[in-house]
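Visitor: Mind looking over this structure? Questions follow.
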Amino acid sequence: MMVDPTLAEMGKNLNEAMKILEDGGKASDPDAARRQFSRSSIPGPLQGDGQDVASILQLVQNLMHDDEEEDKPSHRMQNVGEQGHMALLGHSLAAYISVLDRERLRKLITRIASDTTLWLCRLFRYESGSAYYHEDDREGLLKVCRLVINTRYEDYSTEGYTVLNSRQPVIYQSATCRPGLGQHLCSQLGLPLSSLCTVPCNTMFGSQHQMDIALLDKLIREDVETGKLPLLLIANAGTPGAGHTDKLGRLKELCEQYGMWLHIEGVNLATLALWEVSSPVMAATRSDSMTLTLGPWLGLPAVPAVTLYRHEDPALSLAAGLTSSQPVEKLRALPLWLSLQYLGHDGIVEKIRHAVELSQQLLEKLKTLASIKTSVEDELNSPVVVFRFSQETSAESSGGSVEGYFAGEREVLDSLNRWLCEQLAQLVPASGVDIVELEDEGTCVRFTPLMTAAALGTQRCDVDLLVERLIELIPVLNCTLRLRLDFREEVYRYSALSYIEDLSWPGLGAVRYEPRIEELNDSKRQLEVEKINSELLVKLGELDADLIFSTGLEFGPEKDCIFIGMATEDLDVAELVDTIAALGRDIEENGRLLENMTEVVRKGIQEAEFQLQKDNQDKLMEEGVLRQIPLVSSVLNWFSPFQSTVKGRTFNLAAGSLDSTEPTYSMKAQTGGLASPETPTSSAKRMPGQRLFRREGAGGSDSHSETSSVGQAEDLSRERFPQPTTPTPPSPVPDEAVSVVPESPETPQRPPTQENGEVGTQGGERA
């Protein structure tokens with residue numbers, strides 16, 4: 001069998017290129033390569049002789065991994081397997097095929113386009129359909145709209161948009177459609193936003209994520225009566241949020257009644273390839289057009305989306321842009337043509353079936369969790385699972401229903417579910433869970449394996465691990481939700497603490513220490529509050545506790561306060577708040593001492609100088625003039641020792657006063673060496689190895705310590721600074737003392753003695 005040497009070389013080069021790019025930095029000198037090809041560096045001029053393929057690929061690899069740190073593992077967003085290599089090879093082949101002679105090129109692209117269209121129509125049960133391949137998944141719907149406009153307005157090709165003035169076209173879409181889809185269509189088609197009609201979902205009967213058909217019928221009748229032309233209806237086979245399917249059969253009948261075009265999109269269209277298809281999704285095969293996103297479903301990188309449609313006039317399809325006379329544009333189907341052949345019918349069905357089974361596996365396990373509420377349309381066939389932590393069962397720990405037990409409950413639960421999704425995504429990255437905001441349910445966790453499993457390689461063990469991590473996190477959510485009220489009530493008991501109501505914070509709450517300074521103006525007081533709370537946050541972060549203390553969300557509304565993370569069952573809220581207040585009071589008092597120190601020292605020095613002068617004068621009067629003469633004073637002191645009555649002085653920095661040292665020496669405190677008693681703390685009652693803020697004998701254990709705070713990934717690598725005791729209100733600052741004695745050049749001085757934070761000297765003693 002003859003093989004084109006160019007094709008063989010292309011396949012070889014592709015394999016080598018993928019090996020180089022997928023090699024996570026095994027270059028001979030990665031540091032030098034990073035420095036040479038860093039994105040922050042200024043690009044140099046092109047080399048005159050050019051570079052070889054290996055050097056260029058190495059450059060691409062360095063650019064891809066330039067922002068990765070060496071101590072962090074590299075995470076690929078998608079697993080590019082053999083089928084992915086075929087898709088990438090298709091792009092290279094398309095460039096090669098485009099240089100063929102015109103006749104050979106026409107035959108080849110005709111075969112590729114017809115084969116791919118036939119396979120897709122058979123695979124997804126769409127008989128007698130045509131296919132349009134496009135990069136932007138909205139482009140197919142846009143071209144379909146042009147086709148419908150050309151069909152409904154016969155003079156549109158000659159008169160243009162002026163014919164639309166006779167009857168304004170109207171495009172109908174569900175309220176659950178992709179955000180911005182209708183506005184994009186109007187913008188590209190040159191239609192006013194009044195041509196877009198958004199149909200609300202059911203409010204009384206049926207799913208709250210399905211289009212209200214009765215209301216749609218009423219809106220269409222009103223538009224017809226006002227002279228408008230119902231043009232097209234966009235329905236969902238799997239809404240972007242919850243994955244629900246509209247009543248497609250009833251909508252098709254309504255479209256036939258008013259002569260409208262029915263277009264369907266959604267992830268549930270993938271299940272049309274399975275042997276057993278639910279009846280709501282099967283009705284999509286009767287639609288006028290549908291958009292398929294095969295890349296995420298099958299894990300194929302850089303393959304186009306496909307819009308299948310039915311229309312009998314090829315001239316109108318050409319005018320709408322659904323077909324092209326340019327052969328190169330038809331080569332968009334080549335990557336998909338190669339990938340479909342590589343996977344085969346059974347391989348495609350297996351990938352879709354595997355994703356659906358993963359959804360069913362997770363749904364079955366979620367049913368056994370009392371604190372988790374699911375929002376699934378069809379429990380037997382839904383490929384999308386949406387769930388959230390529910391408030392209804394968290395009342396078991398507080399003895400009643402939690403419904404409405406505090407203001408802003410919905411916002412708090414949304415923040416907790418947002419934290420839950422972030423934790424699950426970090427702990428089980430292969431699950432592919434993400435956050436979805438639903439109008440009625442609020443913030444939920446969404447599991448859509450049809451869109452992620454093929455790329456991430458999700459397996460059944462990943463689903464089991466996801467459930468295990470969820471079970472570990474549920475007690476943390478329950479305890480945090482229950483203890484938020486206790487934390488708020490405890491904070492209210494301290495006048496120096498202010499409770500900060502931030503419903504978007506997923507944790508115990510927020511608190512701010514307010515210093516008791518009334519004489520400062522607003523700006524200085526704000527600076528003082530910021531300083532104290534910053535130091536308080538640092539001290540709290542150094543404690544040996546499972547809690548996380550932070551400044552809150554990056555763009556949160558509250559500043560200069562301390563946010564406490566998620567809590568466990570054994571958390572002692574009273575001890576936590578008492579510690580915060582005590583540390584804040586300690587920081588405030590120390591700050592005041594430092595501020596007053598300058599003035600105290602200045603006044604103390606002045607007083608000391610005055611006392612020194614007075615004591616020197618008194619000493620001179622007592623000793624007499626003869627004792628001031630050097631030689632005479634020695635003789636007099638030998639025959640008649642003189643005992644001075646002048647005593648030393650101590651300078652108390654805390655009190656800012658000069659005190660006599662006589663009480664100190666008379667009580668002989670220098671020989672006692674008594675140390676100040678330790679401030680009693682709760683550590684005396686703490687068990688060995690027990691961390692701060694934990695109640696002794698509580699039901700909680702260390703098993704949940706790894707998941708009891710916000711940002712577990714940071715917590716695992718955070719350096720802890722353990723402390724042996726619980727911080728309590730500090731004891732008074734020891735008196736820093738400086739002795740002051742009269743100056744005497746002749747009289748020997750006794751060496752100073754330090755005791756109880758005081759340094760004293762007593763003048764007039766004989767050597």
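Visitor: Only four residue types carry charge here, +1 at the Cβ of Lys and Arg and -1 at the Cβ of Asp and Glu. Report the dipole size of segment 132-244 about the Cα centre in Debye, rounded to the nearest 20.
Guide: Numbers: 9 positive and 12 negative charges, 23 e Å.
Once rounded to the nearest 20, the dipole reads 120 debye.
Visitor: How much net charge surrounds GLY227 when only other residues with a Cβ under 13 Å from its Cβ are counted (Lys, Arg +1; Asp, Glu -1)? Please list the in-between numbers first.
Guide: Numbers: positive: ARG167, ARG221, LYS228; negative: GLU222, ASP223, GLU225.
Spelling it out: positives minus negatives among the neighbours equals 0.
Visitor: Once amide H atoms are built 1.01 Å from N in the peptide plane, which residues 5 or more positions from GLN168, or in another chain, come under 5 Å H to H?
Guide: Answer set, sorted by chain and number: LEU229.
Visitor: So if I take the alpha carbon set of segment 455-564, get Rg, then get Rh from the Kirkwood formula, what is the Rg over Rh ratio?
Guide: Working: Rg = 18.5 Å, Rh = 16.4 Å.
When Rh is taken as the Kirkwood radius, the ratio is 1.12.
Visitor: Would you calculate the separation in nanometres between label points at SER98 and SER55, each defined as 7 Å from the Cα along the Cα-to-beta-carbon direction?
Guide: Between SER98 and SER55, the label points sit 2.7 nm apart.
Visitor: What nm distance separates the two modelled labels at GLU222 and LEU108, each placed 7 Å from Cα along Cα→Cβ?
Guide: 5.6 nm
Visitor: On the full set of protein chains, 1.4 Å probe, figure out the accessible area of TRP419 and give it in Å² to the nearest 10.
Guide: For TRP419, the solvent-accessible surface is approximately 0 Å².
Visitor: Take the Cβ-Cβ distance between GLU589 and ASP440 as r, set R0 to 41 Å, and report the resulting FRET efficiency rounded to the nearest 0.05. Before the final figure, lay out each step's value.
Guide: Values: r = 52 Å, r/R0 = 1.27.
About 0.20, to the nearest 0.05.
Visitor: Same structure again: Where does segment 134-277 land on the Kirkwood hydrodynamic radius, alpha-carbon pairs, in angstrom? The partial results should precede the final answer.
Guide: Numbers: mean 1/r = 0.0630 Å⁻¹.
Every distinct Cα pair counted, the radius reaches 15.9 Å.
Visitor: Over the Cα atoms, compute the radius of gyration (one decimal) and Dmax (the largest Cα-Cα distance, rounded to a whole number) for segment 214-255, in Å.
Guide: 12.1, 36
Visitor: Return the subset of LYS218/LYS365; LYS107/LYS252; LYS539/LYS603; LYS143/LYS252 for which the Cα-Cα distance in this structure is over 31 Å, preserving the input order.
Guide: On the way: LYS218/LYS365 42 Å; LYS107/LYS252 38 Å; LYS539/LYS603 33 Å; LYS143/LYS252 20 Å.
As for pairs spanning more than 31 Å Cα to Cα, those are LYS218/LYS365; LYS107/LYS252; LYS539/LYS603.
Visitor: I would also like to ask the following. With charges set only on the Cβ (+1 for Lys and Arg, -1 for Asp and Glu), what does the dipole of segment 235-366 come to about its Cα centre, in debye to the nearest 20?
Guide: Values: 10 positive and 13 negative charges, 29 e Å.
So the dipole magnitude of segment 235-366 works out to roughly 140 debye.
Visitor: For ARG122 and ARG525 in one chain, what is 0.36 nm times their gap in residues minus the Cα-Cα distance, to one decimal in nm?
Guide: Numbers: separation 403, 0.36 × 403 = 145.08 nm, distance 7.39 nm.
The ARG122-ARG525 span can extend by a further 137.7 nm.
Visitor: Quick one: which residues, 5 or more positions from LEU196 or on another chain, have an amide H under 5 Å from its amide H? H modelled 1.01 Å from N in the peptide plane, none for Pro or chain starts.
Guide: Hits under the 5 Å cutoff: ILE171.
Visitor: Compare the peptides 94-101, 190-197, 350-357 by average per-residue count of other Cβ atoms within 10 angstrom and give them in order, highest first.
Guide: 350-357, 190-197, 94-101
Visitor: Between GLU364 and ASP313, what FRET efficiency follows from the Cβ-Cβ distance if R0 is 35 Å, with the result rounded to 0.05? The partial results should precede the final answer.
Guide: Details: r = 49 Å, r/R0 = 1.40.
With R0 = 35 Å, the Cβ-Cβ based efficiency is 0.10.
Visitor: Moving to a separate point now. Count neighbours as other Cβ atoms within 10 Å of each site's Cβ, and list the GluC sites (Glu not before Pro) in segment 476-537 that are DSSP loop with at most 14 such neighbours.
Guide: On the way: sites: GLU489, GLU490, GLU501, GLU518, GLU519, GLU528, GLU530, GLU535; in loops: GLU501, GLU518, GLU519.
For GluC sites (Glu not before Pro) across segment 476-537 that sit outside H, G, I, E and B with at most 14 neighbouring Cβ atoms in 10 Å, the list reads GLU501, GLU518, GLU519.
Visitor: Let me ask another. Express the accessible area of segment 138-288 per residue in Å², computed with a 1.4 Å probe while the remaining protein chains stay in the model. Kindly include the intermediate steps, with their values, before the conclusion.
Guide: Details: 6230 Å² over 151 residues.
Value for segment 138-288: 41 Å² per residue.
Visitor: Search the structure for amide H atoms under 5 Å from the amide H of LEU497, placed 1.01 Å from N in the peptide plane, and list their residues when 5 or more places away or on another chain.
Guide: GLU514
The values are calculated or read from the model by the stated rules, or taken from the named source; none is laboratory data. Source: prediction; values computed, not measured. Positions of Cβ are backbone-derived with ideal geometry, glycine not excepted, and every protein chain shown enters the neighbour counts. In case anyone asks, the SASA skips ligands and DNA or RNA and just uses the protein heavy atoms, side chains included. Shrake-Rupley method; radii C 1.70, N 1.55, O 1.52, S 1.80 Å.
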